[in-house]
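Chemist: The following block contains the structure, expressed as structure tokens.
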Amino acid sequence: MPMAELGGDPVRNTALVVGGAGVIGRNLVGHLSALPDWDVVALSRRSPDFVSRAQFISVDLLDPEQARDRLSGLTGVTHIFYAGLDGGLAASNTQRNLALLRNAVDVVEPLAPHLRRIVLMQGGKAYGRHIRGFKTPAKESDPRHMPPNFYYDQEDYLRALQIGRAWSWSALRPESVLGFSAGNPLNLLNLIGVYAAVSKELGLPLVYPGSRLSYHTLMQVTDADLLARAQVWAATSPHAANEAFNVTNGDAFRFEQIWPRFADFFGMKLGQPLHIPLTAFMADKAPVWDRIVAKHGLRQQSYDSMAAWEFGDFTFHSDWDVLFSDGKRMRAGFTETLDSEERFLELFQVLRDENVIPRA
């Protein structure tokens, strides 16, 4: 991978990963740390639970004074990767999410003469994924929906700031990112793993807990490792400058096709789909989870940090196809795809290997 250049002289790539402890940021930090020609600085509110050669800075980016104090030495940054989030599923939380981005960029951008690109993480909410029945397949050229939507505010901020600057921006739009990350409840992988473990502990079959329509609709996910590679591509390819790209695994599936495979993996009987509001029915299951952790000697993580059940209710009640077009990023040069069904099973095994869910 080429180094950035400034005035014809090579400059070592230095990544600033905003949100370095989340599922997207964690996997990006791991990927960049394995590349010999990148230095990595990561920002997060909580301490990382993994070993990395990246420099971690603990900072609350909602505090502009703290941001100025703790980021003032980042003069060598060449690429900013933004994967911060405040407020979970709500697209209307515009003020705080814009502040997270601005309080980082407003400090670092004037200090970093070598800055070449800012990669903004977006997602399906750019198309109204959180609103029922958005247009599919969603394309980057689709019009915006009625605001508020913090993705729009963040992108507009970067577009305006970039005018007259030497650096450029890029935006990536994944869907339901799958990857290993401890303490990140907005993670479908962890959520299904915990739901299956609790169901099995209670002697229940593995029941799809959503609507019957969503059991049969087309769905997509994005592997976190694939997304990390896409982010590096978006940060370095001239074809990605000042453009937005969908990034999914490049295929689609229906839960009716893969749920039986989940049951087989967890060693459970397959139940019939049944509408189970997870937010309500899983609210009292912390003691069951604690019992599972003790019985199987799992790593100590709080029940609330393992799964956001409202996220599960949202995902399992998508009564319309959730389908993004990956054509634009493939035509621009990032052509990698993965088999989503196989990745689910491989990543469930990672959860077992990392002692997050029971082995049997």
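The values are calculated or read from the model by the stated rules, or taken from the named source; none is laboratory data. If you're wondering where the values come from, they're calculated on a predicted model, not measured in any experiment. Because the Cβ atoms are built from the backbone with ideal geometry, glycine has one as well, and the counts that use them run over all protein chains shown.
Chemist: With respect to S141, is the statement that it is polar (S, T, N, Q), under 19 Å from the mean Cα position of the chain (by Cα) and within 25 Å of M219 (Cα to Cα) true?
Modeler: On the way: polar (S, T, N, Q): yes; under 19 Å from the mean Cα position of the chain (by Cα): no; within 25 Å of M219 (Cα to Cα): yes.
No; evaluated as a whole, the condition is false for this residue.
Chemist: Take D264 and tell me if it is modelled with pLDDT of 95 or more, among the acidic types (D, E), in a helix (DSSP H, G or I) and within 14 Å of E201 (Cβ to Cβ).
Modeler: No, not satisfied.
Chemist: Next question, about the same structure. Given the conditions (1) of a type outside the set (D, E); (2) touching a residue at least 60 places away in the same chain (Cβ under 8 Å); (3) not in a loop (DSSP other than H, G, I, E, B), which single one is not true for Q95?
Modeler: Q95 satisfies all of (1) of a type outside the set (D, E); (2) touching a residue at least 60 places away in the same chain (Cβ under 8 Å); (3) not in a loop (DSSP other than H, G, I, E, B) except (2).
Chemist: Of the residues in segment 303-335, how many are among the hydrophobic types (A, V, I, L, M, F, W, C) and touching a strand residue (DSSP E or B) at 6+ places or on another chain (Cβ under 6 Å)? Lay out the reasoning, then the answer.
Modeler: Of all residues in segment 303-335, those among the hydrophobic types (A, V, I, L, M, F, W, C) come to 306-309, 311, 314, 316, 320, 322-324, 330, 332, 334.
Subsequent filtering for residues that are touching a strand residue (DSSP E or B) at 6+ places or on another chain (Cβ under 6 Å) retains 322, 324.
Total meeting the criteria: 2.
Chemist: Still on this structure: With respect to L85, determine if the residue is at pLDDT 95 or above, buried (at least 17 other Cβ atoms within 10 Å of the Cβ), within 19 Å of the chain's Cα centre (by Cα) and closer than 30 Å to A126 by Cα. Spell out the reasoning first.
Modeler: On the way: at pLDDT 95 or above: no; buried (at least 17 other Cβ atoms within 10 Å of the Cβ): yes; within 19 Å of the chain's Cα centre (by Cα): yes; closer than 30 Å to A126 by Cα: yes.
No; evaluated as a whole, the condition is false for this residue.
Chemist: Residue check: is Q301 assigned to a loop (DSSP other than H, G, I, E, B) and either of a type in the set (D, E) or surrounded by 15 or more Cβ atoms within 10 Å (Cβ to Cβ) (or both)?
Modeler: On the way: assigned to a loop (DSSP other than H, G, I, E, B): yes; either of a type in the set (D, E) or surrounded by 15 or more Cβ atoms within 10 Å (Cβ to Cβ) (or both): yes.
Yes, satisfied.
Chemist: Related question: Inside segment 238-261, can you point out the residues that are free of Cβ contacts under 8 Å to residues at least 60 places away in the same chain and in a loop (DSSP other than H, G, I, E, B)?
Modeler: Residue satisfying the conditions is R254 alone.
Chemist: On to the next question. Residues to consider are R291, R343, R352; find the one that is among the charged types (D, E, K, R), crowded, with 19+ Cβ neighbours inside 10 Å and assigned to a helix (DSSP H, G or I).
Modeler: R343
Chemist: Across segment 122-146, what is the number of residues that are touching a residue at least 12 places away in the same chain (Cβ under 8 Å) and either farther than 20 Å from L101 by Cα or aliphatic (A, V, I, L, M) (or both)? It would help to see each step written out before you state the result.
Modeler: Of all residues in segment 122-146, those touching a residue at least 12 places away in the same chain (Cβ under 8 Å) come to 122-134, 136-140, 142, 144-145.
After this cut, where a residue has to be either farther than 20 Å from L101 by Cα or aliphatic (A, V, I, L, M) (or both) as well, the list is 126-134, 136-140, 142, 144-145.
So the answer is 17.
Chemist: In addition: Does at least one position in segment 209-221 carry a residue that is under 30 Å from W38 (Cα atoms), in contact with a Leu (Cβ under 6 Å, 6 or more places away or on another chain) and crowded, with 21+ Cβ neighbours inside 10 Å?
Modeler: Our first condition is that a residue be under 30 Å from W38 (Cα atoms); within segment 209-221, this holds for 221.
Then keep just the ones that are in contact with a Leu (Cβ under 6 Å, 6 or more places away or on another chain); that gives 221.
Okay, now just the ones that are also crowded, with 21+ Cβ neighbours inside 10 Å, so 221.
Yes, the conditions are met somewhere in segment 209-221.
Chemist: Name every residue in segment 304-340 that is surrounded by 14 or more Cβ atoms within 10 Å (Cβ to Cβ), of a type in the set (D, E, K, R) and part of a helix (DSSP H, G or I), in order of residue number.
Modeler: Answer for segment 304-340, where residues must be surrounded by 14 or more Cβ atoms within 10 Å (Cβ to Cβ), of a type in the set (D, E, K, R) and part of a helix (DSSP H, G or I): E310, D313, K328, R329.
Chemist: Looking at segment 179-195, can you tell me whether even one residue there is crowded, with 22+ Cβ neighbours inside 10 Å, touching a residue at least 40 places away in the same chain (Cβ under 8 Å) and farther than 17 Å from F311 by Cβ?
Modeler: No: zero hits.
Chemist: Something else about it: Show me the helices (runs of 4 or more DSSP H) entirely contained within segment 138-237 in which 3 or more residues are modelled with pLDDT of 95 or more and assigned by TED's automatic domain parsing to the domain that holds K125. Lay out the reasoning, then the answer.
Modeler: Numbers: elements: 150-162, 188-201, 212-216, 224-236.
Output list reads 150-162, 224-236.
Chemist: Take the residues in segment 1-11 that are farther than 29 Å from L98 by Cα and assigned to a strand (DSSP E or B), then tell me which one is modelled with the lowest pLDDT. Before you say what the answer is, go through the steps one by one.
Modeler: At the first step, the residues of segment 1-11 found to be farther than 29 Å from L98 by Cα are 1-3, 5-11.
In the following step, the residues that additionally are assigned to a strand (DSSP E or B) were identified as 5-6, 9-11.
Working: E5: 41, L6: 37, D9: 51, P10: 74, V11: 88.
Only one residue fits best here, namely L6.
Chemist: Please enumerate the residues belonging to segment 10-37 that are without any contact (Cβ under 8 Å) to a residue 60 or more places away in the chain and surrounded by fewer than 24 Cβ atoms within 10 Å (Cβ to Cβ).
Modeler: P10, S33, A34, P36, D37
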